[in-house]
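Every number here is computed from the coordinates shown, using simple stated rules; none is lab data. Since the structure is predicted, the reported quantities are computational estimates derived from the model, not experimental observations. Quick reminder, even Gly has a Cβ in these numbers, built from the backbone with ideal geometry, and neighbours come from all protein chains shown.
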Amino acid sequence: MTAKISDLPAGANPKTTSSSRALQQHLFSLLSRCKHLQCLTQLHTQIVINAYAQKSFILAKLLSSYLDSGRLLSAVRVFGDLEAPSTTVWNQVIRGHARSETPYNSVRLFDQMVARGAEPDGFTYSLVFSACAKSGSLTEGEQLHGRALSTGHCSNNVFVNTSLVNMYATASGGSRMDCARQVFDEMGERNVTTWTTLIAGYLRGGDFDSASKVFDEMPERNVVAWTAMIAAHARSGKCKKALCLFNEMRIAGVEPDQVALVAALSACAELRDLEQGKWIHSYVTASFTARNKPVLVSLNNSLIHMYASCGMIEQAYEVFRWMPERTIVSWTSLIVAFAKSGYAEQALAVFHHMQNLGAREAKPDGITFLGVLCACSRGGFVDEGRRFFKEMSSVYGVSPRVEHYGCVVDLCSRAGLLDEATELIKTMPMKPNEAIWGAVLGGCRIHRKAELASDVARKLVGELDPNRAAGYLLLLAHVYATDGRWQDVATVKQKLVEIGASKPAGRSWIEV
C-alpha cells in the first residue's frame with residue numbers, strides 16, 4: 001500500500017500531548033509505507049511543519065526511508081540540522097555511508113559521534129567494521145576493535161564479531177586471516193554468516209585447504225556457503241571440484257539458487273561438460289521459467305557461454321532468442337560464439353542487429369569488437385574489418401588493445417595483404433606480441449612469402465625462450481618447404497638444435 005498525505009488524520013492538533021503522539025505515530029506509519037520520493041518529500045515537510053524535526057524516533061525512520069530510496073545526500077542534509085542526534089539516528093547516517101561509494105565517511109562519523117557524547121552500540125560497531133572492510137581502512141578498524149573490546153561490545157555479540165571476521169578476512173591478499181581466525185575461534189556464538197565469511201576469506205587468499213576444512217566443520221551449510229565454494233573453485237580453474245561440490249549440494253538437499261547455477265555453468269563451459277550443462281538448463285526451465293519466475297540475465301548469459309563452449313551454437317542462439325532482457329554481455333557472448341565456430345556472417349548479422357537497436361545496454365565494448373574482428377578474420381571480410389577497427393575508436397570511443405590489432409593483422413595476413421599488416425604493426429602504440437608476429441608468419445606460409453617470414457622469425461627467436469620460439473621456427477621451416485628451399489629448412493632444423501628447443505607437442509619435425 002502506498003502512503004498518501006491525505007491519510008493524515010483530519011483536525012489533528014499537535015499542541016495537545018495525545019494528538020501530538022497520535023500524529024507522530026501516524027507519520028511513522030506513513031513513512032513505513034512510503035514507496036515514492038514525492039511522498040517521502042511531502043512527509044518530510046509535514047514533519048518540519050509540525051515541529052518534529054528533532055524527534056529522534058521519527059527522524060531515524062525518515063533517514064532510513066531516504067537511504068532505502070538511494071537519497072544519501074537528502075539524509076545527510078536532514079542529519080546536519082539535528083541538535084543532539086540519538087544513537088539510532090547516528091546509526092542510520094553511518095549505515096548510509098557504509099553502503100555507499102564513500103564508506104570511509106562512516107569512520108569519520110563514528111569519531112564525531114563519540115566526540116559529541118553519543119554512545120555507540122553493537123549496531124554502530126558492526127556498521128563501522130563493515131565500512132573499514134569496504135574502504136580498506138584496516139588501521140582504523142584495528143583501533144576500533146580495541147575500543148569495542150574495552151567497552152564490552154565484542155562480548156557474545158555475533159553481529160559485531162562477524163563484522164570483525166569480515167574486516168580481517170578482506171584485508172589485502174589474505175594477510176590478516178590469522179586475526180580473522182582468532183576472532184572466529186574466540187566467538188561464543190556463531191551463525192551461518194560467520195562461518196561463510198571465514199570461508200570466503202580463505203578462498204580469496206587462495207587457501208582452499210583451510211576453506212574446505214572450515215566448510216566441512218560447518219554445523220549447517222546454506223546455499224550461500226555452498227555457492228562460495230563452488231564459485232571460488234570454478235574461478236580458480238578447479239572446475240571438476242566445482243561440479244563435484246555442486247552435485248554434493250544437490251545430494252544434501254540444498255536447492256541451488258541462480259548464483260550457484262551461474263558458477264556451475266562456468267565450470268561446465270570450461271570442461272565442455274554438455275551433459276551437466278543441459279541438466280542445469282532443464283533445472284532452470286522447471287524451477288524458474290515454467291513457474292514464471294524471473295531468470296537473472298547473468299544466468300542466461302552463462303547458458304549461452306556453456307552451449308557455445310560445447311559447440312552447440314543453435315542451442316546458444318535459442319537461449320539468446322528467448323531472453324526477455326539482454327545486456328552487452330548477452331550480445332557479445334553470441335557474437336563470439338558464432339565467430340569462434342566459423343559462422344562469420346551470422347556473427348556480423350547479430351552485431352548489425354545490435355547496432356540497429358541503439359539501446360544503451362547494446363553499446364559494444366572492447367570484447368564485442370574482439371568478436372566482430374575475429375569474425376571478419378575468419379570470414380575474410382577485409383573491408384568490413386578495416387571499417388569496424390576504425391569505428392571502434394572514432395564512433396564508439398573504444399581504444400584498441402593489442403588483441404584488436406592482432407585480429408586485424410591476422411585478417412590482412414590471411415588475405416595476403418602482408419605489407420598492410422606490417423605497416424599496421426608499425427603504428428601500434430604498444431609493443432607487438434608473439435601472437436601478432438605469429439599471424440604474419442601464418443600469412444607468409446599461405447602466400448609463400450619466405451623473406452618476410454625469415455625476418456619475422458628472427459625477431460621472435462631473439463625475444464622468446466627456446467621452447468616458445470621453436471613453434472615459430474617450425475612454421476618458418478614450413479614456409480621454406482612450401483617454397484622448395486630445402487637448404488633453408490635444414491638451417492632452421494640446425495638452429496632448433498643449437499638453441500636446445502624441445503619439439504612442441506603435436507608437431508612433427510620429420511615432415512619438414
What order, most packed first, do the peptides 452-464, 481-493 have when packing is the mean number of other Cβ atoms within 10 Å of each residue? 452-464, 481-493
Mind listing the phi-derived Karplus ³J(HN,Hα) values for the range 287-304, rounded to whole Hz, using 6.51, -1.76 and 1.60 with θ = phi - 60°, and x for any glycine or proline? 8, 10, 4, 5, 9, 6, 8, x, 9, 4, 4, 5, 6, 5, 4, 5, 5, 4
Which value in nm describes the separation of the simple spin-label points at Thr87 and Ala490, placed 7 Å from the Cα toward the beta carbon? 9.2 nm
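Of the listed peptides 124-135, 102-113, 374-385, what is their order by residue-averaged count of other C-beta atoms within 10 Å, with the highest listed first? Mind dumping the intermediate values first?
Numbers: 124-135: 25.7, 102-113: 18.6, 374-385: 20.3.
Answer by packing, highest mean first, reads 124-135, 374-385, 102-113.
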Fewest to most neighbouring Cβ within 10 Å: what's the order for Ser413, Ser86? Ser86, Ser413
Along each of its three principal axes, how wide is the spread of alpha-carbon positions in the range 172-246, in whole angstrom units, largest first? 36, 27, 15
Using 1/(1 + (r/R0)^6) with R0 = 45 angstrom and r between the beta carbons of Glu248 and Glu391, what's the FRET efficiency to the nearest 0.05? 0.40
A correct Karplus calculation of ³J(HN,Hα) over the range 397-408, with 6.51 cos²θ - 1.76 cosθ + 1.60, θ = phi - 60°, whole Hz and x for Gly and Pro, returns x, 9, 6, x, 9, 4, 5, 5, 4, x, 5, 6
Set of aspartates and glutamates with alpha-carbon distance to Lys340 below 16 Å, sequence-local pairs under 8 removed: Glu270, Glu314, Glu403, Asp410
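If a/c stays under 1.5 just call it rounded; otherwise compare a/b with b/c (prolate if a/b is bigger, oblate if not). Do that for the range 233-325, with a ≥ b ≥ c from the square roots of the Cα gyration tensor eigenvalues. Intermediate values should be presented prior to the final figure.
Details: a/c = 1.92, a/b = 1.18, b/c = 1.63.
Oblate, because a/c is 1.5 or more while a/b does not exceed b/c.
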Quick one: what are the phi-derived ³J(HN,Hα) couplings along the range 211-224, Karplus 6.51/-1.76/1.60 with θ = phi - 60°, whole Hz, x for glycine and proline? 4, 5, 5, 5, 4, 5, 8, 4, x, 8, 10, 9, 5, 5
